[in-house]
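Engineer: Attaching a single structure in structure tokens format; questions to follow.
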Amino acid sequence: MTKYVFVTGGVTSSLGKGIISASLAKLLQARGYRVTIQKFDPYINIDPGTLNPYEHGECYVTEDGAETDLDLGHYERFLNVPTSQANNITTGRIYQNVINREREGQYLGKTVQVIPHITDEIKRNFKILGESGDYDIVITELGGTVGDIESLPYIEAVRQFKWELGANNAIVIHLTLIPFLAAAGELKTKPTQHSVKMLLEYGIQPDILVCRTEHHINMEIRKKIALFCNVNINSVIESIDASTIYDVPLLMLKENLDKTVLAKLKLSGNKEPNLDSWKDFLGRLKNPTKDVRIGLVGKYVELPDAYKSIIESFIHAGASNECKVNVEYIHSENINPNNVAEKLGHLNGILVAPGFGNRGIEGKLDAIKYVRENNIPFFGICLGMQCAVIEFGRNILKLKGAHSTEMDEKTKFPVIDIMESQKKIKNKGGTMRLGSYNCEIKKNTKAFEIYGKTKITERHRHRYEFNNKFLKQYNDAGMITSGMNPESGLVEIVELKNHPFFVAGQFHPELKSTVANPHPIFVKFVTAAAEHKYGQKIKKNK
Ligand code: GLN
């Protein structure tokens, strides 16, 4: 029978429920359990696909094309197991399901209410992954903070669920904050006590408390928390600030979080977790033999969460190269032909980020022209690839005013154009070309050198594409279309022949980089950046 672990948050948001959930899952996986994590978000959007990155950070896309919360990225990066639509549910989706059923007449004669109809639908969704038979343990992270009006139905659903399944089959981990008052020189437990009291008011006694803190919490404080929150002292887990999120599984191991969870679920905790490869990764991450500086050119740079998966992919690729990757955020709106050398001249590589709309486009084009002409390694993702195509069109093919029809509908040279399948679509939510698609790679190309095979799949999120009317012209002039979708003929990868590293993809490789499997384009891009800096061929370590 599948066991369930719920992770709630108290006191403040941003305590890192996603990282704690992923770390616990990692430890349980390393002990041989089949684990998955799902996230329930209390907002009314059906999914975060229609949210601005400033609102919500990056939108993470799964293999099956779901637009989801960025925490799913952490789950995949830690566990190396793909997630799916079932791993991210929002209040919007819960209500939509209930309202559709109401219209179909399934509740005929009844008043449809938050309790029991919404809570029943939440509980049904809690169980979907568990009922697949694929998992021993399902960890469910509840978005928001206990006490928020919008998370109440979820808390109530957890209360019912826990009661229905019995104490050893479903447990609640509450993540809270132990603030340090500098003036008093003390760690304070009161906010945690209050947050647990609030959970108790809703009928939930948390089984385990994970306490975020900047300083170690001593035995005295642990005892106090245990006494006031009705938990065993072993169930007070310290979660101290870490220098990297990838340390957290080991910190949780030291605190016996996994053992405590297994004991509460009456599962065996005898087998020690095998974390050899994880530790090997951390060793390489923390002992770099070289460093590079890479510019991330985008327009959401004020909010690094907007590029979460890209940043994490650089961490994986850096470890793989034993190279510290310093990422410098560069606002594309601030780049122009006069300052581009000053802005980018010191960098060992440039990544032009994904994005939508016209803002900051010209700066991206200036950046690409500069790195193309100066042989600086370049990596373009999605809009970044489209910009590489536009820049080449304008400056090499001399197609004056070449553009994407996303930015200029009337351009004389629509080198990037809306996909045929997108032309009739009016709705914005969930309608892009989403999820995993095949890509066939041509031999004797950089792309083939990177992947080492001809058949790959990558994840997508876009409406526009390379306009194949210009294919021959580009190939003849040295921009090679080295990856194509075999079914539709869409261009997936472009690269430049006479450049040390100029590779761009219509897909999002950052969504598939994990600790266990760093993405090969990121790995080779970092190698190229190191070669650019140190001026020699770098021998690959791993
Ligand atoms: N705006 C572009 C498109 O829709 C690129 C999307 C992206 O970068 N994710 O095709």
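Engineer: Where does each of 487-495, 347-355 land if you order them by average Cβ count within 10 Å, highest first?
Structural biologist: Averaged packing, sorted descending, gives the order 347-355, 487-495.
Engineer: Turning to a different aspect of this structure: List the residues of the range 82-107 whose backbone N lies under 20 Å from a point placed 7 Å from the Cα of ASP120 along the Cα-to-Cβ direction.
Structural biologist: 90-107
Engineer: Using a cut-off of under 16 Å, list every residue of the range 28-48 whose amide N is near the label point 7 Å from the Cα of GLN160 along the Cα-to-beta-carbon line.
Structural biologist: Of the residues in the range 28-48, none has backbone N under 16 Å from the label point off GLN160.
Engineer: Go ahead and collect, in residue order, the members of the range 9-26 whose backbone nitrogen is under 19 Å from a label point 7 Å along the Cα-Cβ direction of LEU181.
Structural biologist: Counting backbone N atoms under 19 Å from the label point, the list is 11-12.
Engineer: Going highest first, how would you order 5-15, 371-381 by mean Cβ packing within 10 Å?
Structural biologist: For the peptides 5-15, 371-381, the packing ranking is 371-381, 5-15.
Engineer: Taking the Cβ-Cβ separation of GLU104 and ASN395 as r and a Förster radius of 56 Å, what is the calculated FRET efficiency to the nearest 0.05?
Structural biologist: The pair GLU104/ASN395 has a calculated efficiency of 0.50.
Engineer: Report ³J(HN,Hα) in whole Hz for each residue of the range 209-214, in order, from the Karplus equation J = 6.51 cos²θ - 1.76 cosθ + 1.60 where θ = phi - 60°; Gly and Pro get x.
Structural biologist: 10, 9, 10, 6, 7, 8
Engineer: Counting pairs of alpha carbon atoms under 8 Å apart in space and at least six apart in sequence, what relative contact order in percent does the chain give?
Structural biologist: Rounded, it is 15 percent for the chain.
Engineer: Roughly what angle does helix 219-229 make with the longest principal axis of the chain, taking Cα atoms, 0 to 90 degrees, to the nearest 10?
Structural biologist: Once rounded, the angle reads 70 degrees.
Engineer: What is the helix-to-structure angle for 276-286, meaning the angle in degrees between its Cα long axis and the longest Cα principal axis of the chain, kept from 0 to 90 and rounded to the nearest 10?
Structural biologist: Tilt of helix 276-286: around 60 degrees.
Engineer: Grab the eigenvalues of the alpha-carbon gyration tensor for the chain, scale each by 5, take roots, and send me the semi-axes largest first in whole angstrom.
Structural biologist: In descending order the semi-axes read 44, 28, 20 Å.
Engineer: Same structure, new question: Restricting the count to DSSP beta bridges whose residues both fall in the chain, what percent are antiparallel, rounded to a multiple of 5?
Structural biologist: Of all bridge pairs located within the chain, approximately 30 percent are antiparallel.
Engineer: Amide H neighbours of PHE502 under 5 Å, counting only residues 5+ apart in sequence or on other chains, H built in-plane at 1.01 Å?
Structural biologist: For PHE502, whose amide H was placed from the backbone, the distant partners under 5 Å are PHE378, LEU496.
Engineer: For THR83, list long-range residues whose amide hydrogen, built 1.01 Å from N in the peptide plane, is under 5 Å from its own amide hydrogen.
Structural biologist: It is GLU63, by chain and number.
Engineer: Enter the angle in degrees (range 0 to 90, nearest 10) between the Cα long axis of helix 308-320 and the first principal axis of the Cα atoms of the chain, meaning the one along which they spread out most.
Structural biologist: 80
Engineer: For the chain, what does the helix formula give at 222 nm: sum of -39500 (n - 2.57) over DSSP H segments with n ≥ 4, over the residue count, nearest 500 deg cm²/dmol?
Structural biologist: Calculated at 222 nm, the ellipticity per residue is -10500 deg cm²/dmol.
Engineer: Same structure again: Just order 311-320, 193-202 by mean Cβ neighbour count inside 10 Å, highest at the front, would you?
Structural biologist: Answer by packing, highest mean first, reads 311-320, 193-202.
Engineer: Using the structure shown, select from LYS364/LYS497; LYS17/LYS223; LYS364/LYS469; LYS299/LYS442; LYS3/LYS110; LYS127/LYS424 the pairs with a Cα to Cα distance greater than 26 angstrom.
Structural biologist: The answer is LYS299/LYS442; LYS3/LYS110; LYS127/LYS424.
Engineer: Right, here's the next one. Note down the nm distance, to one decimal, between modelled labels 7 Å out along Cα→Cβ at GLU131 and at ILE233.
Structural biologist: 4.4
Engineer: Right, something else. Karplus couplings for the range 507-514 from phi (6.51 cos²θ - 1.76 cosθ + 1.60, θ = phi - 60°), rounded to Hz, Gly and Pro as x?
Structural biologist: 9, 10, x, 4, 7, 10, 7, 10
Engineer: A further question on this structure: Amide H to amide H, which residues 5 or more places from GLU492 or on other chains are under 5 Å from it, using H placed in the peptide plane?
Structural biologist: HN-HN under 5 Å from GLU492: GLY483, MET484, ASN485.
Engineer: Give a residue-ordered list of calculated ³J(HN,Hα) values for the range 121-127 (Karplus: 6.51 cos²θ - 1.76 cosθ + 1.60, θ = phi - 60°; whole Hz; x for Gly, Pro).
Structural biologist: 5, 4, 5, 4, 6, 3, 8
Engineer: A further question on this structure: What translational diffusion coefficient, to the nearest whole µm²/s, does the range 114-156 have by Stokes-Einstein, given a Kirkwood radius computed over alpha-carbon pairs, a temperature of 10 °C and 1.306 mPa s viscosity?
Structural biologist: Approximately 138 µm²/s, per Stokes-Einstein.
Engineer: Which shape class, rounded, prolate or oblate, goes with the range 436-542 when its Cα gyration tensor gives a ≥ b ≥ c as root eigenvalues, a/c under 1.5 marks rounded, and past that a/b bigger than b/c marks prolate?
Structural biologist: Oblate.
Engineer: For the range 401-477, count all C-alpha to C-alpha pairs, find those more than 18 Å apart, and express that count as a whole percent of the total.
Structural biologist: Counting every Cα pair in the range 401-477, those more than 18 Å apart make up 56 percent.
Engineer: Please order LYS426, LYS308, LYS254 by the number of other Cβ within 10 Å, starting at the fewest.
Structural biologist: Starting with the residue having the fewest Cβ neighbours, the order is LYS426, LYS254, LYS308.
Every number here is computed from the coordinates shown, using simple stated rules; none is lab data. These figures come from a predicted structure and were not determined experimentally. Note that we place each Cβ from the backbone using ideal geometry, even for glycine, and neighbour counts take in every protein chain shown.
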